[in-house]
């Protein structure tokens, strides 16, 4: 039974952002109900089992600059025995060669023709010199990539890969996309390292070089689910209720009630506040009274890139050497090998790999049969010498419709106006990759959830929510700082 003296919050979505936001609200004395449409919490931080293999919902290396987030991660995955501390190593496969990523000029020099290498070097130097003189602000992703790497490397690597993964010309993507996600080449590093002995930089799919500059990250021994399950436990231990197989149907701001079908049964959830981590366009479609036409148009303009995670159970010790390899000219965009993240995720003597395939909801790839998708990937796997047909024991295909927000030019203004309108109600805060339209990592989703929960707490304490319309601001993650699961 609800305690009428407590403020009530309904959280939409039980991913990391929703769970962490719910925890903050519970700590502040709120009654909290979480509505999750799937049959388990975790969102994109889930794991999938098949015959002794564990496949995460895509690989999730965990890192954060916020010590409190790292501390929570370590606690929730089981302490020191529950995580591994790893050095990141990734590659790009291009024209039969494997290049370290982030790119190193010495590595490029050992595998490109002398003409292409010289062209790439002069193109890079020219672009950086021009940038240092003009100080121009790139208007889109193509301009940013050319400024950072030069036209030659853009044409060789970054342009083709961006088009392949996003199915959008780089000139239509906002520069923020690449500014946040693509490591740059340091000019002095290029000049100093260009003449390193090329033989020391030679790579193969199973070779590692000690001189490669690597970053470190954490990975849960039992997979990504360890983190989301840890947050879910904290929520229910704190008195929160997680309702699974719950499909929201409306968020009525006048009556202050969320209606939903939970396991097919109609339910009503009264609220004082809503914390949403579901896609912004979905949320705007639920809100009653409906948003102004301009806000609705902004929501309708949001686009996502879907992804297929074709996971293969492989009767083989190893397939690739790095954690993952990017491909510019194959059926898949990237291959990851889960054994490298944690041997506990696969049976002894075997391994599991993930083929990431970009697509759009409703296209031929999205609608393809699971077995057909495996067949489509096999020719490239065999041609690359990675996996033979007779080495595949089983497979698991995962479809994620809102995997990547597409940062097209002008997206920031539209998102800001949507969020300003939602927050002006004094009742709705948003969080996470979907709720803030952020192409973010796990730590940023956690921080975003906490910040949205904190914003609601402040609204309630100051009376801002009752005094709508107001425009409280929730900082973007990274820019500032009774037990029941209902199935």
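The values are calculated or read from the model by the stated rules, or taken from the named source; none is laboratory data. All of these numbers come straight from a predicted model, not from anything done at the bench. When we count neighbours, we look across all protein chains shown, and the Cβ atoms used for this are built from the backbone with ideal geometry, even at glycine.
A Cβ distance below 8 Å, combined with a sequence gap of six or more or placement on separate chains, defines the contacts here; from region 448-461, residues that are closer than 24 Å to residue 65 by Cα reach residues that are surrounded by fewer than 20 Cβ atoms within 10 Å (Cβ to Cβ) and at pLDDT 95 or above in the pairs 453/28.
Let's see how each residue does on (1) crowded, with 21+ Cβ neighbours inside 10 Å; (2) farther than 14 Å from residue 450 by Cβ; (3) in contact with a helix residue (DSSP H, G or I) (Cβ under 7 Å, 6 or more places away or on another chain):
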position	(1), (2), (3)
22	yes, no, yes
27	no, no, no
43	yes, yes, yes
66	no, no, yes
72	yes, no, no
78	no, yes, yes
81	no, yes, no
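Yes or no: region 139-152 includes at least one residue that is out of contact with any helix residue (DSSP H, G or I) (no Cβ under 8 Å at 6 or more places or on another chain) and at negative phi. Give the steps one after another, and end with the answer.
Taking region 139-152 and keeping what is out of contact with any helix residue (DSSP H, G or I) (no Cβ under 8 Å at 6 or more places or on another chain), we get none.
No, region 139-152 contains no residue that is out of contact with any helix residue (DSSP H, G or I) (no Cβ under 8 Å at 6 or more places or on another chain) and at negative phi.
Look at (1) in a strand (DSSP E or B); (2) crowded, with 20+ Cβ neighbours inside 10 Å; (3) modelled with pLDDT under 95 and you find that residue 485 fails only one, number (2).
The residues of region 10-31 that are within 22 Å of residue 444 (Cβ to Cβ), touching a strand residue (DSSP E or B) at 6+ places or on another chain (Cβ under 6 Å) and part of a strand (DSSP E or B), listed by number, are 11, 12.
Of everything in region 423-441 that's surrounded by fewer than 24 Cβ atoms within 10 Å (Cβ to Cβ) and in contact with a strand residue (DSSP E or B) (Cβ under 6 Å, 6 or more places away or on another chain), which residue is modelled with the highest pLDDT?
Taking region 423-441 first, the residues surrounded by fewer than 24 Cβ atoms within 10 Å (Cβ to Cβ) are 423-427, 438-441.
Narrowing the set further to residues that are in contact with a strand residue (DSSP E or B) (Cβ under 6 Å, 6 or more places away or on another chain) leaves 427, 439.
On the way: 427: 96, 439: 85.
Within region 423-441, the match that is modelled with the highest pLDDT is 427.
Is it true that residue 235 is touching a helix residue (DSSP H, G or I) at 6+ places or on another chain (Cβ under 9 Å), crowded, with 17+ Cβ neighbours inside 10 Å and more than 26 Å from residue 69 (Cβ to Cβ)? Please lay out each step first, then the result.
Numbers: touching a helix residue (DSSP H, G or I) at 6+ places or on another chain (Cβ under 9 Å): yes; crowded, with 17+ Cβ neighbours inside 10 Å: yes; more than 26 Å from residue 69 (Cβ to Cβ): no.
No.
Report yes if residue 10 is over 30 Å from residue 357 (Cα atoms), modelled with pLDDT of 95 or more and buried (at least 18 other Cβ atoms within 10 Å of the Cβ), otherwise no. Yes: the conditions hold for residue 10. In the condition set (1) touching a strand residue (DSSP E or B) at 6+ places or on another chain (Cβ under 9 Å); (2) closer than 15 Å to residue 434 by Cβ; (3) assigned to a helix (DSSP H, G or I), residue 44 is compliant with all but (3). If you go through region 367-421 and keep only what is surrounded by 18 or more Cβ atoms within 10 Å (Cβ to Cβ), within 25 Å of the chain's Cα centre (by Cα) and farther than 25 Å from residue 54 by Cα, you end up with 405, 406, 407, 408, 411, 414, 415, 418, 419. Summed over region 244-268, the residues that are under 26 Å from the mean Cα position of the chain (by Cα) and surrounded by 22 or more Cβ atoms within 10 Å (Cβ to Cβ) give a count of 2. Answer yes or no as to whether residue 268 is part of a strand (DSSP E or B) and not assigned by TED's automatic domain parsing to the domain that holds residue 382. Yes, satisfied.
I need the full set of residues from region 95-138 which are at pLDDT 75 or above and touching a strand residue (DSSP E or B) at 6+ places or on another chain (Cβ under 8 Å), in order please. Matches in region 95-138: 98, 99, 100, 101.
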